[in-house]
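Working notes, beginning with the structure itself.
The values are calculated or read from the model by the stated rules, or taken from the named source; none is laboratory data. Given the structure is predicted, the values throughout are model-derived calculations rather than measurements. Don't worry about glycine lacking a Cβ; one is built from the backbone with ideal geometry, like all the others, and counts go over all protein chains shown. Only protein heavy atoms, including side chains, enter the accessible area calculation; ligands, DNA and RNA are left aside. Shrake-Rupley method; radii C 1.70, N 1.55, O 1.52, S 1.80 Å.
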Amino acid sequence: MKIINRLPLFIVASLLVGLKSYVVYRFYFDLSIETTFQETILITNSLVISFFLFSIAIWFKPNKQKWFIIITASVISFILFANLLYYRNFTDFVTIPTLFQVNNAGDLGSSVLSLVYFTDILLFLDLVLIFIFLKKRQFTLPTFSKAFKRRVVVVALAGLALNFTLAQMERPQLFQRGFDREYLVKNVGLPVFHVYDIVMTTATQSKRLFADGEEIGEIDDYVNENVREEEEKDNVDLSGVAEGKNIIYIAMESMQEFVIDEKVNGKEITPFLNDFKEESYYFNNFYHQTGLGKTSDHEFILDNGLYPLPNSAAFFTHAQNKYNSVQKIIKEELDYSSYSFHANNGSFWNRNVMYETLGYEKFYDKEFYDVKEEDVIGWGLNDKDFFTQSIDHMKELEEPYYAKFITLTHHFPFEIPEEEASIDKYDSGSTTLNQYMQTARYTDEAVEQFIGQLKDEGIYEDSIIIIGADHYGISSYHNKSMAKFLGKEEITPYDEVKLQKVPLMIHVPGQEGGNTQSTLSGQIDFKPTLLNMLGINNENDIMFGNDLFAEDRKDFIAFRDGRVVGEDYIYAGGNCYENGSGEIVEGTNCSDIREQSQQELNYSDEIIYGDLFRFYDFENGELVEELEETETESDSETETEADNDNEANNETETENDSEANNETNTENDGKTNNENE
């Protein structure tokens, strides 16, 4: 016992925090551990990273050691807890850019509270113990000798080296695969992940400064060879069908494809959507491709035909870039105006800035809606009132237009007043999944109401109606309950990928429906599809999607986290699966689609990070120098100087004329006249 009491407190604290980190990684985050070797790495990184951080205490005097240990333990606890809350909602980890999105946190409300569990109090038990040890002086806070310090440094660095070596053995080129944040956390821990994130964020932010536009040529060649399709269409050709018509896009929050045609307690979850798809072109193999930016990423992909960023939301970090958005193209080509309707704060996801960059004419945000307390469900104005009030605003719009509507009610944590629920909750071990079915039904009813209102106002018959969704609503954190709902023993990484499907329905007035399309497709395909429907030949554009109705299409859908869905194979969770059977096959079968998807993601990142479109002439499809701002400023200065010269000349002429005409006037009268001038 005396030997234990003689231990320095920093060693005890590092053991407590290291063990806590392991427990959080292993059981709170529920990280997938498939082998004993992975388990060993997880334990190792938890302990050695903790020891390395607390070993810094040896360089302080006893009193400062105490405060360093307390602060370090508190910071690590906060990092773990913050990431845990984020993970429970997004199945991901906090990055530096997301910390700059704190203005979004004000809208989370009950969402955050629903992510906090009673057992989370155990995450701070180590802090309590450290305070007790300090009060009772249970462990020592000595002044360490130089020899002891050297030994500690050697042990700490050796531990880090061991951890990184094991991590590289398990996951070669680990730090080159930063898109897979779960692997980084599993192998090197959250503190190292956050340091890595800071370095990468700093590096990417500097890319714009050094970009010269030369990169755009290689990207254009790739797009021309691998993405731009020939003119042949599949069994459906909608070229030009939307020209002159209004385009109405309805983005259903968190609506996944698995609810379509499904029932809960004997009742359809989405009865209207089930019927509407029968009179529309319905894509049942369509994937969301969002990243950290979630809903804003979905908008970014649809509007630009580019992929979202790996560690941040482009709506925040690159809102001042030059983009060749759908909104700009249809304005220039067909004089369409674009509008967005969303009853949330204009600053949420930085929309009020990004929309202007993308070319939206007007953003009808929360300020344009009468939001009474009794009309609020979850995150804001309920979807039914949102659509009803939006109809009044639509009457002001000059046709033809593109109008986007983003719903709110079907948002995590999917809470709805009992009197508003049309179906009973699902019965599973997940409150989130149970409530999800009810709010999905509510949004389904709201969309049905909106379609009826469009018909009543005479808008429906002259509009292309597109109903889609932004991203998943049920994360992998609820896999056990999802397995029950789907009648499976478990949800494999293959199943998780399949659950990333979201519904997409395109209704063309005057055309018979019932056209279910099983084309492998994703949100990246929205822009080229819409432009083709409007009859716009945008052959020089740089985007990474294909017309949904084209016969000559890419054979894969890329995800920001490294997963890939191909026609024949799916790569997920480190394995290659046969698409259809879900059987694990040789990894080489997925090599081609993995390589090409990563190439596209990298090219898209280069465009955004370097703001490369400022160097590109989309009309002629060629590289240009970034002279517009300089020329504009130069012209403005020249005009200003010329105006000043003209003013000076005019003043001189006026004064001379005045003096000549007023020679007979008195000197005081002359002064008075000049002052009046």
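Looking only at residues that are among the aromatic types (Phe, Trp, Tyr) and either open to solvent by 70 Å² or more (accessible area, probe 1.4 Å) or not in a loop (DSSP other than H, G, I, E, B) (or both) in segment 92-122, which one is modelled with the lowest pLDDT? Ranking the candidates gives Phe100 first. Given Ile43, Ile58, Ile33, which one is assigned to a helix (DSSP H, G or I), surrounded by 13 or more Cβ atoms within 10 Å (Cβ to Cβ), in contact (Cβ under 8 Å) with a residue 40 or more places away in the chain and β-branched (Val, Ile, Thr)? Answer to the selection: Ile58.
Among the residues making up segment 413-439, those that are assigned to a helix (DSSP H, G or I) and either among the polar types (S, T, N, Q) or touching an Asp or Glu at 6+ places or on another chain (Cβ under 9 Å) (or both) are Thr431, Thr432, Asn434, Gln435, Met437, Gln438, Thr439. Consider segment 259-299 and keep the residues that are open to solvent by 40 Å² or more (accessible area, probe 1.4 Å) and touching a Gly at 6+ places or on another chain (Cβ under 7 Å). The one that is farthest from Ile506 (Cα to Cα) is Glu278.
Between Lys362, Lys328, the distinction of being out of contact with any helix residue (DSSP H, G or I) (no Cβ under 8 Å at 6 or more places or on another chain) and either of a type in the set (A, V, I, L, M, F, W, C) or open to solvent by 20 Å² or more (accessible area, probe 1.4 Å) (or both) belongs to Lys362 only. The sole residue among Tyr477, Tyr442 that is open to solvent by less than 20 Å² (accessible area, probe 1.4 Å), in a helix (DSSP H, G or I) and hydroxyl-bearing (Ser, Thr, Tyr) is Tyr442. The set of residues in segment 302-322 being at negative phi, modelled with pLDDT of 95 or more, open to solvent by less than 10 Å² (accessible area, probe 1.4 Å) and not in a helix (DSSP H, G or I) consists of Leu306, Tyr307, Pro308.
Whenever a residue of segment 285-296 is more than 15 Å from Pro503 (Cα to Cα) and touching a residue at least 60 places away in the same chain (Cβ under 8 Å), its partners that are open to solvent by less than 10 Å² (accessible area, probe 1.4 Å) and among the hydroxyl-bearing types (Ser, Thr, Tyr), lying with C-beta atoms within less than 7 angstrom and at least six residues away or across chains, give the pairs Leu292/Thr95; Leu292/Ser312. If the condition is being outside any helix (DSSP H, G or I), polar (S, T, N, Q) and in contact with a strand residue (DSSP E or B) (Cβ under 8 Å, 6 or more places away or on another chain), then segment 244-294 contributes Asn246, Ser254, Gln256, Ser280, Asn284, Asn285, Gln289. When the residues of segment 282-294 are filtered to those that are out of contact with any Leu (no Cβ under 7 Å at 6 or more places or on another chain) and modelled with pLDDT under 95, the one that is farthest from Leu408 (Cα to Cα) is Leu292. Glu418 fulfils the conditions (1) modelled with pLDDT under 95; (2) under 25 Å from the mean Cα position of the chain (by Cα); (3) open to solvent by 10 Å² or more (accessible area, probe 1.4 Å) except for a single criterion, (2). Among residues of segment 175-205 being polar (S, T, N, Q) and either closer than 19 Å to Ala313 by Cβ or touching a helix residue (DSSP H, G or I) at 6+ places or on another chain (Cβ under 7 Å) (or both), the one that is surrounded by the most Cβ atoms within 10 Å (Cβ to Cβ) is Asn187.
Has segment 541-551 got any residue that is open to solvent by 20 Å² or more (accessible area, probe 1.4 Å), in contact with a Phe, Trp or Tyr (Cβ under 9 Å, 6 or more places away or on another chain) and touching a residue at least 12 places away in the same chain (Cβ under 8 Å)? No, there is no match, as no residue in segment 541-551 is open to solvent by 20 Å² or more (accessible area, probe 1.4 Å), in contact with a Phe, Trp or Tyr (Cβ under 9 Å, 6 or more places away or on another chain) and touching a residue at least 12 places away in the same chain (Cβ under 8 Å).
Looking only at residues in segment 573-586 that are under 29 Å from the mean Cα position of the chain (by Cα) and more than 13 Å from Tyr183 (Cβ to Cβ), the one that is surrounded by the fewest Cβ atoms within 10 Å (Cβ to Cβ) is Gly580.
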